[in-house]
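Shown next, in C-alpha cells, is the structure this report addresses.
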Amino acid sequence: MNYLKYITIAILIFSLQSCSDFLEQEPGTQTSIDELLQNKEGTLKALKGLYTEVEANVRSDRFVAYSDLQGGNIKFTPTSSGSSRGQISPALNVRELYSFEDTAENSNFKSFYDDSYDIINQANLILEYTPKLTDASETEKNQIKAEALTIRAYAHFLLAQVYSQNYSYTPDASHLGIVYNKESIKAGLKYPKRETLATTYSYIIEDLKTAISNYSDASLMTGPTYSYFNRNNTKALLARVYLYKRDWTNAYDTANDVITNSGVALVNTADFVTQWTQPDLPTSEALLEFSVPKDSESTITSSMSSYFGVNETTYANYVASNDLYNLYENTDLRKQLFISVNLSTLVNGVLVPVNYNFTRKFQDNAGYVAFRISEMYLIRAEAALENNKPDLAMADVNTIRARAKATLLTNTTNLKEDILLERRKELCFEGHLFFDLARNHKGISRNDGCISTVCSLSYPSPKYVLPIPLFNINLNENLQQNESY
C-alpha cells in the first residue's frame, strides 16, 4: 500500500508538472508540489493546467458522446476505407458500454474515473496551498479557491451522473453516491466509503455555494474568459445540480438568477445558425466553453470535430440518428444545424450511398460547451411546472421555440413531455439525453442505426450506471461496487 501511495503521488506531481512545462526537466530536478504552489505565479500555472485536464476529460471520446449515444441521439458512421469499407461498427472505446455490457475488469470508462479523481486531487492541493500564499491578496486567493472548489464540485457531479443512480432512485436518495474527496493524497492516503447520493449532492452544493461567495468580478487567468469558471457559470452548474436533485424552488431561483443577471442573452433568430458555425469562437450564449488545446505554435491539436466533424475527404464516428433528426419541423432553424452527406454504406453486401446527418455544432475548431443560457430557460421551465406554474413554464419553452421558428405551444396538457422533448432538440450533442431519461425514470429506446445487442432498456435497471473499475475496487477494500457488476 505504501508503494502504491508513492506511485500515486508521483503520478500526481508529474500531472501538475506537465501542465506547467516542468515535465521535460532532467530526472531528479523536477519541481515539487511545495515549490510549484509556493507563490501566486506557480499556483496560477497549476490552476491553468488543471483546466487543461478538465477539458481533456470532458472532451474524451468516451464521455463526450456517452449520454447522447446511450439515449439514442447518436449513431455510428460506416468505415471509410480498407477491407471493412462501408461496414458500421461501434467505436472501439465505447463498444461495451454502448451495448450496456461494460465490465469492471476492462471498463470503457476507467480513464474517465481515474482522471476525474486526479482532477479532484489536484484541486484539493490548490485549495490546501492557496491560503498560505504570501504574494497574493485575499481577493486573489478567494478567486483561486472559488475556481478550484467549482472544479472539485463539477468533477464529483459528473462522476455521480455516471456511477450513481438518479437522485430519486430511492425516496430519500439513500442509495450509493460516490467517494467525495475533500483532501489531497498528500494529506495521507485514505480508503473511504462511497457516500449516499444525498450526502454527495449536499457536498457538491456546499462547494458551489462557497465558491460563489468567494468569486471576484475579475479573472486571474490569461486567455478567453469564457473558458474559465466564474460566478455566473458556477450558478449555472448549481442550477443543473438542483434540477437533478429535484429541488424545484432552488432550481427555478438559480436559473432565473443566471438568466436575469449574467449578462448573457439568447442568440437572436437571425444569427442563430451563423453563431453555431463560426470557426474558433463559441456561440455568444455560451456560459462556459472550455478552450481547445494548442501546441507551442498555437496550432489546434484536438477539438470536438474529432468526433463529429466532416469535410470533403474525411468524417468522424458520430452522426445524428433519425430518431433525433426527425423530431424537428422543417421550419425549425435547428434543422439547419445538420450537414447531410451521402456515405458509402454496405447494405445487403452492396456499397450504396446512404444519407447521414452531421451536427454543425462541432465542426472546425469547436470546444466543449459545458453550459449555455438556453439550458437555463429549460431548467426554469421544468422547475416552474413542478412548482405548479405551468403558464410560466410554457412561456419559457415558447421562448426557445420562437427563437428557432418552431410551432409554439398553445396549452399545457402534456407540458412535462414537451419540456423534455425541447431539451432533447435544443441540447443535443451536449451530453444531456441519457441523464434526462434516467432522472425522469424513463426507458431507453434506440431505433435508427442501433447496432447494439440491446437497443432498449426499461427503467429501473442497474445498467443505468457503469461499473467502478476493478483496479480501484481492489485498491480500496471499502469501495462498494455497483449492482450487477
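Numbers for the structure displayed
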read-out: Only listed residue being modelled with pLDDT of 95 or more, farther than 26 Å from Phe272 by Cβ and surrounded by 15 or more Cβ atoms within 10 Å (Cβ to Cβ), chosen from Ala370, Ala438, Ala384; value: Ala438
read-out: Residue match in the range 258-275 (condition: surrounded by fewer than 19 Cβ atoms within 10 Å (Cβ to Cβ), in contact (Cβ under 8 Å) with a residue 24 or more places away in the chain and within 24 Å of Gly72 (Cβ to Cβ)); value: no
read-out: Options Glu128, Glu53, Glu96: the member that is touching a Cys at 6+ places or on another chain (Cβ under 9 Å) and either of a type in the set (Lys, Arg) or open to solvent by 10 Å² or more (accessible area, probe 1.4 Å) (or both); value: Glu53
read-out: Some residue of the range 298-305 being farther than 23 Å from Ile74 by Cβ, modelled with pLDDT of 95 or more and crowded, with 19+ Cβ neighbours inside 10 Å; value: no
read-out: Matching residues, the range 163-201, being part of a helix (DSSP H, G or I), aliphatic (A, V, I, L, M) and buried (at least 22 other Cβ atoms within 10 Å of the Cβ); value: Leu197
read-out: Selection from the range 441-456 of residues that are buried (at least 20 other Cβ atoms within 10 Å of the Cβ) and not in a loop (DSSP other than H, G, I, E, B); value: Ile444
read-out: Enumeration of residues in the range 402-435 that are closer than 16 Å to Ile379 by Cβ, open to solvent by less than 30 Å² (accessible area, probe 1.4 Å) and either in contact with a Ser or Thr (Cβ under 9 Å, 6 or more places away or on another chain) or among the hydroxyl-bearing types (Ser, Thr, Tyr) (or both); value: Glu426, Leu427, Glu430, Gly431, His432, Leu433, Phe435
read-out: The range 471-485 residues that are touching a residue at least 40 places away in the same chain (Cβ under 8 Å), paired with ones that are outside any loop (DSSP other than H, G, I, E, B) (beta carbon under 6 Å, 6 or more apart); value: Leu479/Ile473; Gln481/Ile473
read-out: Lone unmet requirement of (1) modelled with pLDDT of 95 or more; (2) open to solvent by less than 50 Å² (accessible area, probe 1.4 Å); (3) among the aliphatic types (A, V, I, L, M) for Val292; value: (1)
read-out: In the range 247-257, the residues that are open to solvent by 40 Å² or more (accessible area, probe 1.4 Å), within 21 Å of Arg439 (Cβ to Cβ) and charged (D, E, K, R); value: Asp253
read-out: Single residue of the range 240-271 satisfying the filter (β-branched (Val, Ile, Thr) and in contact with a Lys or Arg (Cβ under 6 Å, 6 or more places away or on another chain)) that is farthest from Leu287 (Cα to Cα); value: Thr269
read-out: Filter pass, Ile126 being in contact with a helix residue (DSSP H, G or I) (Cβ under 6 Å, 6 or more places away or on another chain) and over 27 Å from Leu327 (Cβ atoms); value: yes
read-out: Those residues of the range 193-239 which are among the charged types (D, E, K, R), touching a Phe, Trp or Tyr at 6+ places or on another chain (Cβ under 9 Å) and under 22 Å from Thr283 (Cα atoms), in sequence order; value: Arg231
read-out: Residue in the range 96-113 that is touching a residue at least 60 places away in the same chain (Cβ under 8 Å), assigned to a helix (DSSP H, G or I) and touching a strand residue (DSSP E or B) at 6+ places or on another chain (Cβ under 6 Å) present; value: no
read-out: Residue among Ser452, Ser456, Ser445 that is of a type in the set (Ser, Thr, Tyr) and touching a Phe, Trp or Tyr at 6+ places or on another chain (Cβ under 6 Å); value: Ser452
read-out: Hits in the range 266-304 - residues which are more than 14 Å from Phe358 (Cα to Cα), assigned to a helix (DSSP H, G or I) and of a type in the set (Phe, Trp, Tyr); value: Phe272
read-out: Every residue from the range 351-367 that is modelled with pLDDT of 95 or more and open to solvent by 20 Å² or more (accessible area, probe 1.4 Å); value: Leu351, Val352, Pro353, Val354, Asn355, Arg360, Gln363
read-out: Condition met for Asp135 (modelled with pLDDT of 95 or more, open to solvent by 50 Å² or more (accessible area, probe 1.4 Å) and within 20 Å of Val64 (Cβ to Cβ)); value: no
read-out: Matching residues, the range 317-350, being in contact with a Pro (Cβ under 9 Å, 6 or more places away or on another chain), of a type in the set (A, V, I, L, M) and open to solvent by 60 Å² or more (accessible area, probe 1.4 Å); value: Leu346
read-out: Matching residues in the range 69-95 - criterion: being without any contact (Cβ under 8 Å) to a residue 12 or more places away in the chain and closer than 30 Å to Ser458 by Cβ; value: Leu92
read-out: Subset of the range 457-476 (residues that are more than 17 Å from Tyr113 (Cα to Cα) and open to solvent by 60 Å² or more (accessible area, probe 1.4 Å)); value: Ser458, Pro460
read-out: Considering residues of the range 206-246 that are part of a loop (DSSP other than H, G, I, E, B) and under 20 Å from the mean Cα position of the chain (by Cα) only, the residue surrounded by the most Cβ atoms within 10 Å (Cβ to Cβ); value: Phe229
read-out: Residue pairs meeting the criteria (Cβ under 7 Å; at least 6 apart or on separate chains; first free of Cβ contacts under 8 Å to residues at least 12 places away in the same chain, in the range 119-144; second among the aliphatic types (A, V, I, L, M)); value: Lys141/Leu133
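The values are calculated or read from the model by the stated rules, or taken from the named source; none is laboratory data. Remember, predicted model here, so these are calculated numbers, not experimental data. Cβ atoms come from the backbone with ideal geometry, glycine included; neighbour counts cover every protein chain shown. Side chains are part of the model used for accessible areas, which takes the heavy atoms of the whole protein and leaves out ligands, DNA and RNA. Shrake-Rupley method; radii C 1.70, N 1.55, O 1.52, S 1.80 Å.
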